[in-house]
Amino acid sequence: MTIDHLKTAKSEAERSEDDARTRSVVEATLKDIEARGDAAVADLSQKFDNVSRPSFRLTPSEIEAAMQKVGTRDMEDIRFAQSQIRRFAEAQRASMTDIEVETLPGVILGHKHIPVQSVGCYVPGGKFPMVASAHMSVLTANVAGVPRIVASAPPVKGEPHPAIVAAMHMGGAHEIYVLGGIQAVGAMAIGTETIDPVHMLVGPGNAFVAEAKRQLFGRVGIDLFAGPTETMVIADDTVDAELCATDLLGQAEHGYNSPACLITTSRKLAEATLAEIDRLLTILPTSDTAAISWRDYGEVILCDSHDEMLAVANDMAYEHVQVMTDRDDWYLENMHSYGALFLGPRTNVANGDKVIGTNHTLPTKKAGRYTGGLWVGKFLKTHSYQKVTTDEAAAHIGEYGSRLCMLEGFVGHAEQCNVRVRRYGGRNVPYGEAAD
């Protein structure tokens, strides 16, 4: 395999140092929230967002006042996006059916899909208030039937962001808080004097939010590790540098640590894309952010073949993978580790992020090797049940169960089976022995 790195990113060692600092800050902050509750949340909100409120939960009148600030066109656009996301989520939900089967005469097994009972949905704010994240988490939880949906987003210029509040409310949030960062996810997961804890946390965020979710996992469920956004472009000579450069920088503007990678079989395209990125950074209004991400986390990888590009892409397991080649469907068939695929030059990550209907909360940092993105199924727990309806079945299964328990040395387990064999099968199995 011949792979040429025309541009490299920060080393793994440097990234590990950044992660270690983040872990330490998050651990101390969560301990403070657990110890001091509302007081800690208030102090953190004042420190990081310069906001102090008697209650961080928005009242119905505050929600209505925020929605009144959203322009008519913006409100129409939010409704359109939510209709697309709802339609796909409903189709996903319909694909998940409860089952019940009779595996032997009188032995009935089944499973039910039961919604998580309370969910905390985090919506990132900061430099770019992510209205779309409210659709992706709140609305999808609503389609799944979650009975208590809590939503939180940081203030923008000291106030709740009107469009985010509108999207949360229209998506079906039952409680809306104006809280950001570690204090938001910590308060929702741990609980305070005024905020009841939830059973699950969902939604993307910066490195601190992602780390907080990681540390809180176990106390609550989480959707996945969704940290700083990643984007990958897989391209051959069927496309041009403008498309590649635009798609890379379009995601690099998210933050100062957003990886962006071009994998290509064309040296000409690689070099042209590097030049086009330099040109675009002179005119892109968000270049102050995108340029740093590209400098520190941008990569260009030149491969000899599509098989090589596929192997590299699967190993890197990036969040967004834009495929623009002469064999896009081949990648769809063969890619196995990623967040979401965007196939063909007419498709783009931005539409996936905002409106097309699929969910934009996706795995990062190679989590795509073991999980997909947020979807309606993440809010549903699949619980099995068993029912034995005849004496014959109870005795028949009991005989096997008795012997298999004794094989492992579990005498008490075996006796659970034996008592059924004696009672329903009319057979005398001595206590502490396996059924014949």
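Numbers for the structure displayed
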item: Failed criterion for GLU299 (all others in (1) among the acidic types (Asp, Glu); (2) at pLDDT below 95; (3) not in a helix (DSSP H, G or I) hold); result: (2)
item: Scan of the stretch 54-66 for residues that are under 20 Å from PRO129 (Cα atoms) and open to solvent by 60 Å² or more (accessible area, probe 1.4 Å), ordered by number; result: ARG57, GLU62, GLU64
item: Meets criteria (farther than 30 Å from GLY110 by Cα, at pLDDT 95 or above and open to solvent by 70 Å² or more (accessible area, probe 1.4 Å)) for TRP375; result: no
item: Checklist (1) without any contact (Cβ under 8 Å) to a residue 40 or more places away in the chain; (2) under 29 Å from the mean Cα position of the chain (by Cα) applied to GLU308, failing item; result: (1)
item: Only one of HIS383, HIS413, HIS396 that is open to solvent by 60 Å² or more (accessible area, probe 1.4 Å), assigned to a helix (DSSP H, G or I) and under 21 Å from VAL101 (Cβ atoms); result: HIS396
item: Residue satisfying all of: in the stretch 1-47; acidic (Asp, Glu) and in contact (Cβ under 8 Å) with a residue 60 or more places away in the chain; farthest from MET232 (Cα to Cα) among these; result: ASP38
item: Residue that is farthest from PHE56 (Cα to Cα) [pool: residues in the stretch 21-43 that are touching a Ser or Thr at 6+ places or on another chain (Cβ under 8 Å) and not small (Gly, Ala, Ser)]; result: ILE33
item: Selected residue (criterion: nearest to the chain's Cα centre (by Cα)) from residues of the stretch 427-436 that are without any contact (Cβ under 8 Å) to a residue 24 or more places away in the chain and open to solvent by 50 Å² or more (accessible area, probe 1.4 Å); result: TYR431
item: Qualifying residue in the stretch 39-62 (condition: closer than 26 Å to TRP375 by Cβ and among the small types (Gly, Ala, Ser)); result: no
item: Residue among ILE114, ILE108 that alone is in contact with a Leu (Cβ under 9 Å, 6 or more places away or on another chain) and not in a helix (DSSP H, G or I); result: ILE114
item: Evaluation of ASN351 against (1) open to solvent by 60 Å² or more (accessible area, probe 1.4 Å); (2) of a type in the set (S, T, N, Q); (3) farther than 30 Å from ILE78 by Cα; (4) modelled with pLDDT of 95 or more (one fails), failing number; result: (3)
item: Sole residue being in a loop (DSSP other than H, G, I, E, B), farther than 21 Å from ALA81 by Cα and of a type outside the set (A, V, I, L, M), chosen from GLY120, GLY126; result: GLY126
item: Members of the stretch 399-410 that are open to solvent by 100 Å² or more (accessible area, probe 1.4 Å) and either touching an Asp or Glu at 6+ places or on another chain (Cβ under 9 Å) or more than 24 Å from PRO105 (Cβ to Cβ) (or both); result: LEU407, GLU408
item: Number of positions in the stretch 164-177 that are among the hydrophobic types (A, V, I, L, M, F, W, C) and either open to solvent by 20 Å² or more (accessible area, probe 1.4 Å) or free of Cβ contacts under 8 Å to residues at least 60 places away in the same chain (or both); result: 4
item: Verdict on GLY357 being more than 17 Å from ALA434 (Cβ to Cβ), out of contact with any helix residue (DSSP H, G or I) (no Cβ under 6 Å at 6 or more places or on another chain), open to solvent by less than 40 Å² (accessible area, probe 1.4 Å) and in contact (Cβ under 8 Å) with a residue 12 or more places away in the chain; result: no
item: Qualifying residue in the stretch 341-348 (condition: touching a residue at least 12 places away in the same chain (Cβ under 8 Å), in contact with a His (Cβ under 8 Å, 6 or more places away or on another chain) and under 30 Å from ILE149 (Cβ atoms)); result: yes
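Residues checked against (1) touching a helix residue (DSSP H, G or I) at 6+ places or on another chain (Cβ under 9 Å); (2) free of Cβ contacts under 8 Å to residues at least 12 places away in the same chain; (3) open to solvent by less than 80 Å² (accessible area, probe 1.4 Å):
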residue	(1), (2), (3)
ASP49	yes, no, yes
SER52	yes, yes, no
THR72	no, yes, no
ILE78	yes, no, yes
ARG93	yes, no, yes
VAL107	yes, no, yes
ILE114	no, no, yes
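The values are calculated or read from the model by the stated rules, or taken from the named source; none is laboratory data. Just so we're clear, the structure is a prediction, and the values are computed from it rather than from any experiment. Note that each Cβ is placed from the backbone with ideal geometry, even for glycine, and that neighbours are counted across all protein chains shown. When the accessible area is computed, the model is the full protein with side chains, heavy atoms only, and any ligands, DNA or RNA have been set aside. Shrake-Rupley method; radii C 1.70, N 1.55, O 1.52, S 1.80 Å.
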